[in-house]
Each structure stands twice: as C-alpha cells, then as structure tokens.
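Contents: one structure, followed by commentary.
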Amino acid sequence: MASSSACLIGNGLSTRSRQAHFCKQSNGYRICPSLSLPTFVKASRVSSVKASFHTKVAEGRRYFLKSLIGNAGLGLSTLLAGGKANADEQGVSSSRMSYSRFLEYLDKDRVKKVDLYENGTIAIVEAVSPELGNRVQRVRVQLPGLSQELLQKFREKSIDFAAHNAEEDSGSLLFNLIGNLAFPLVLIGGLFLLSRRSAGGMGGPGGPGSPLAFGQSKAKFQMEPNTGVTFADVAGVDEAKQDFMEVVEFLKKPERFTAVGARIPKGVLLVGPPGTGKTLLAKAIAGEAGVPFFSISGSEFVEMFVGVGASRVRDLFKKAKENAPCIVFVDEIDAVGRQRGTGIGGGNDEREQTLNQLLTEMDGFEGNTGIIVIAATNRADILDSALLRPGRFDRQVSVDVPDVKGRTDILKVHGSNKKFDPDVSLDVVAMRTPGFSGADLANLLNEAAILAGRRGKSAISSKEIDDSIDRIVAGMEGTVMTDGKSKSLVAYHEVGHAICGTLTPGHDAVQKVTLVPRGQARGLTWFIPSDDPTLISKQQLFARIVGGLGGRAAEEIIFGEPEVTTGAAGDLQQITGLARQMVITFGMSDIGPWSLMDGAAQSGDVIMRMMARNSMSEKLAEDIDNAVKRLSDSAYEIALSHIRNNREAIDKIVEVLIEKETMTGDEFRALLSEFTEIPAENRVAPSLPSPVAV
C-alpha cells in the first residue's frame, strides 16, 4: 500500500540506508518526501497479524489525509499539535530505525526512553546516536508486536517507557486536521466578511469598502453643494469671477444663450500661482450654481496598479452623466495631465493611460453633454497640448497675484471679522505687500490677530501688522544686538542702503529701517513701491542695483576697505542676478536688444532645463560677463559718491537709529532733507493714517 507523505525533520537523521530520501531546505527545516510506508512484518500469532493489518489501514488513512492537506498547513499544524500524544507529531519526523538496529541500540544501553503507540506496533525512541556526536535522537521504530520479552528487557535496562491508547491518537488526528485547515478557513472567512460588509454599505457590492473596488472613482459627490463660499467671498480676481458668473448664469438660465446659438463651455482651466484663489473660485461656483458637484484631486487617479486610473476616470464620468447637468472639479490636474512621451523610456505608463482615458471622456466619440469640467493648476506649461485644446478646455482663466486694488479688497474680506485700531489703513497695508497672494494676505491678518491677542490688546494695531509682514517676509524676530561695534556697523550698512536708494532717481521709497534681527539678517531696510511693479524701466532696475550696493559702499567708506564684512553677501547675490537679467533677458546693455537666454533653459520643468543646450558662443559669453561687470561697477561708483557726499547726514541718521533701533520712512526722509535735497521723483508725502473700512 504505497503512498507519499510530507515529513518535517527536526534535528534527527534517517538511519535507513537502503531507502533513498530526496530533501530540500525550507525555512530552516528540511522537507523530505518518503517514498513508501513502512513494511509490516508478519507475526506468528493471528492476533498480531490482525492488529498489524488494522494498524496498517489506519496509518494509510492518516497518511492519505496528511498528503491531501498537509502541505497547506504544515508549519501551522506543527505549532498547534506539537505537544499532543500522536505518534506522528511527537517532535519526530520521518527519521526511522529498523527493528534490528533498535535491538542493537537496546543492548548497548543507548536507548533512554520509549513511547508505544497503536497497540505497541509503533515506538518513538529517544536514543543516543554516535553518528550525531552522542546527541539524543528521536526516531520511529516499527515493532512486530508488543512482546513480554521486550517489556522485560525495558525493565532490566531501566528504560522509561509508556503506552498511549487509540483515543489519544484519534483526538490528535482531529486536532491535526483542524490545525491544517485553520489558516485557509480564517482567510476565506475574512474575505467573505469583507465582501458582505461592502455589499451592505453604500453602493452595493461595488461600495467604497469593497476590497476589489480599486477602479472606482474617489470623487466627493454633493447633490446640493454646501461649501459655505459664494462669489461675495471672492475678491481680487474680478476677471476670473466674471467668467465663472457667466457659467453659473448659463446653468441657471440656459435659454438666454441657446436662443442665439451659444453652447455652454465644456471645460474651464484655472491657471495661476499657488495661493491665488483657484480652489476658492471652484467652491464659489459650487455654492452658486445649484447643480450636482463632483470634486477630486488629480493625484487620486494615479495608482501603481495598471489600468486603475483609467477605470476611475470612466467611473467618474459615468456618475457625472447620470447626474447631468453637473460640475466636475479636478484640482492639481498636472498630476495626471502632464505632457505625454517625456518620461524615461518614452513611456506607455499608467499616468499616460489615465490621461488618454480623460481625453476620451472629455471630448471623445460619445461626448459628455451636460458636464462642465473645471480644473486648476499652477503648472500649465507642462500640460499636454491635447488636453488644452478647445472642446476640452474651452476657456483658460488666469488667476494671477492681485494688484493694489485687489489686495485691498481681499484684506477687507478677510478683515471683516477682525477688530482694528483707528490708525490701521488697509490701503497702506496693501501698498506694503506687493506680490502677496490671497492666501498670504489671509495669513498676514491672522498672524496680526495672534500677536494682538498675545500682547493683551483688544484690537489689531499697525504695530502688529508691521511685525506680521516682517515675520512673513524676513522670518522670526531675533535678539537685539548689544555689541556696540557690531551694532554700529549694521546701522551704517542699513543707512547706506536707505541713502543710496533715496538719492538715486527711480528708486522705491524707504518704508522702514530697523536694527532688529530677523531670520539670517542682522538688520533690514524696507522699501515700498509707489504702485504695482508690472512694468519696470531700466532706470528703476539700475537704481535698485545702486541701492543694493549702498551697504557695502558704506562699510568701505566709513570703516575702510579692510573692515568690510560678509554682511553684503545676500545683497551682492541679488544685484548680480538683476544685472545679468538686464543683459541677457531684458536687453538693457550695450550688447544690444537681444534675448541671449535659450527659452528651454528658462522653463519651469527641471528636465527641460537639463536638456536645454546652450547655443551661446564663448565670445558672446565673455561679452555678457563684461556687460554685467560694467553695470555693477558703475552702480558701485555712484553708491560710493552718495556715501562720501552725505557723510554728515549718515552719521546723524545712524545716531538716531542706534538709539531708537527702528526708524520709519517719514522720519528718515525728514532727517535727510535737513542735509541734502531728495530728487523730485523720489519725494513722498508724509503718510496719514486713514480709518479702516471693512
């Protein structure tokens, strides 16, 4: 009765020399298939033959079950049934010993313990094995039957032996079977419970909790959007707001437009820097339109599983068509809409498959009547051209950084729930914050409110707003310097910036000079532009270079060239970059009105900049360097002359600045006017506080 069985060898070796074993290593154990069951020896008595026959049948059944399910739960069954009374699981594998070899070990006093199973026909023997360095080995011995002579020899040798009945064997076999089936049953049961739970949840068997619902859209759906934002809460982007108000009006009163043959735009793309209000506009149109609204991020389409992104796009537009007319908002669409073919290897990757599906759904063979797709990005330059064409995104709305009027309106919106002192003028705050986005202005007023609360004030004053601007732009306030020489040097450096900027025609007006350290700067000189710098003249750029070099010029004239410090490192970096831009980008040098920079080298994409080839000759590169040097040298000479000619005024202003540590622009100009005349184009009327209107 031949059968195969899987056996686990612990630390014993087979002593059978005539039977081949083929073993392999697995998890620190050796797994050996036994090619045959042990051969039973015919006994002289009929009872022994019957017992041997029944034992053989029972053993065959047991090995058949083990060969059927043993491989699935081999390790688990060993752990669960390791301490039971089954002969197959007593820490013994298929290491076997012949009966004659067992008698030889018995005569040599190598046997230490014997456990008898199945009516004394199977023995588990602990014996000292000389082949293993006299270590104890547990082996299995097939006995011809339990004889009195063998038991008598056990007693003579003082061997510890015990007999185990069949009930223990059957119980151990049942426990072994349960152990083998435990892990598969738990796994199948867990999957079944997950499937039942997802089937009972929202969406039926394909609900969001389903373990197989990878391809379903993760878009947030609102039948009646309640974002809490309307167009009244959006300020500073009037042109973009007007475009969206047209879309809302089309959704509410389509007959006014269809009567003249107009159709609703299929898509609107919001393009602008971070923090300018693109997502806020999407919330406003959701609150105003009164139609179902889907919102999702572009990154939620992309997964590591192939085809999942495309499946989610199909599922999103399927739900949108069921609820048409509706609006689908995709934030940060550049995560999925990047130009195809730019990846390493040329790429039929998962992102490109998702983009292809998005292109098909937006304007494919079937179309998507009644679905308006609104997307936002700050990287329109890297989007695929097929995504930007009319029919998919009919409108591209630019949401740029607000101007002075826009910043004032934004400050009024965010300041409507805050208390201000009468000396606070939001117009002045708007003038002081060129380049601030809507998010920056909201953060500014919040920081000012936090400072006012920390200082125990009941209203926000100009001091809190000024400190908040300084903190956002320059960093945290540091410890005021106490060293007299260092403080004096920083004071002359900052006054040098203010003097050279104020006396150079075309420069912005001084707003504040301070010796309070912020961030990495030991002192700061703030300039405030008269209007938004949308177009900057060559005179204004050159004046900024002169003002930037005023600090180094003051150090050289006042303290001598050997005493100049590293404090001008940031100034030199800024003016060098500005001078190079004047030469190679703006064409404001004697080289001529050329654009000397490759367009790809100015791209926002890192890969494009790396791949850009410099087509500039060595002679032209040398001419550019010389032109930059001439600009910087001429500006430095002007800065030196301003410092030399106004030494008395500088000393007086420095004396006052060291005493007060912070000087306003009006105070600075008043002191400077006592010693010299300020150019007419740089004169500024004293600022008077106007009551804030919110």
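The values are calculated or read from the model by the stated rules, or taken from the named source; none is laboratory data. This is a predicted model, so every value here is computed, not measured. Neighbour counts run over all protein chains shown; Cβ positions are idealised from the backbone, glycine included. Heads up: the accessible areas ignore ligands, DNA and RNA and are worked out on the full protein's heavy atoms, side chains in. Shrake-Rupley method; radii C 1.70, N 1.55, O 1.52, S 1.80 Å.
In square nanometres and to one decimal, what's the mean projected area of the convex hull around the Cα atoms of segment 351-457? Walk me through the numbers on the way to the answer.
Numbers: hull surface 41.5 nm².
Its average projected convex-hull area is 10.4 nm².
What part of the accessible area of segment 404-474, given as a whole %, is carbon or sulfur when the probe is 1.4 angstrom?
Working: 1580 of 3070 Å².
Answer for segment 404-474: carbon and sulfur cover 51 percent of the accessible area.
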- What spacing in nm lies between the two simple spin-label points modelled at residue 483 and residue 385, each 7 Å away from Cα in the Cβ direction? 6.0 nm
- Given segment 485-682 reduced to its alpha-carbon atoms as identical point scatterers, what log10 I(q)/I(0) does the Debye formula return at q = 0.13, 0.17 Å⁻¹? -0.74, -1.10
- Message: So if I place +1 on the C-beta of Lys and Arg and -1 on the C-beta of Asp and Glu, and nothing else carries charge, what would the dipole magnitude of segment 534-593 be about its Cα centre? I want it in debye, nearest 20.
- Response: 360 debye
- Message: Net charge around residue 556, counting only other residues with Cβ within less than 11 Å of its Cβ (Lys, Arg = +1; Asp, Glu = -1)?
- Response: -1
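Please report the orientation-averaged projected area of segment 96-164, defined via the convex hull of its C-alpha atoms, in nm². Intermediate results must be reported in sequence, preceding the final value.
Working: hull surface 16.5 nm².
Hull-based average projected area comes out at 4.1 nm².
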- Query: Quick one: what does P(r) look like for segment 506-558 with 5 Å bins over all Cα pairs, in whole %?
  - Reply: 4, 16, 21, 25, 19, 11, 4, 0
- Whole-Hz Karplus ³J(HN,Hα) for segment 636-646, in order, using 6.51 cos²θ - 1.76 cosθ + 1.60 and θ = phi - 60°, x for Gly and Pro? 5, 5, 5, 4, 4, 5, 4, 5, 5, 6, 10
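Can you compute the charge dipole magnitude of segment 404-474 about its Cα centre, using +1 on each Lys and Arg Cβ and -1 on each Asp and Glu Cβ, nothing else charged? Give it in debye, rounded to the nearest 20. It would help to have the intermediate numbers written out before the result.
Working: 11 positive and 10 negative charges, 35 e Å.
Approximately 160 debye in magnitude.
To the nearest 20 debye, what charge dipole does segment 485-682 have about its Cα centre, counting +1 at the Cβ of each Lys and Arg and -1 at the Cβ of each Asp and Glu? Don't skip to the answer; put the middle values down first.
Numbers: 19 positive and 28 negative charges, 83 e Å.
About 400 debye.
Suppose we take every Cα in segment 404-474 and form the convex hull; what volume per residue is that in Å³?
75 Å³
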- Note on the structure: Of the listed pairs 418/463; 463/512; 253/278; 112/157; 252/319; 113/153, those with alpha carbons more than 18 Å apart are 253/278; 252/319
- Query: What residues qualify as long-range amide H neighbours of residue 519, i.e. H under 5 Å apart, gap of 5 or more or another chain, H built at 1.01 Å from N?
  - Reply: 476, 478
- Item | In order through segment 648-663: 3J(HN,Hα) via Karplus (6.51 cos²θ - 1.76 cosθ + 1.60), integer Hz, x for Gly, Pro | 5, 5, 5, 4, 5, 5, 5, 4, 5, 5, 5, 6, 8, 6, 9, 10
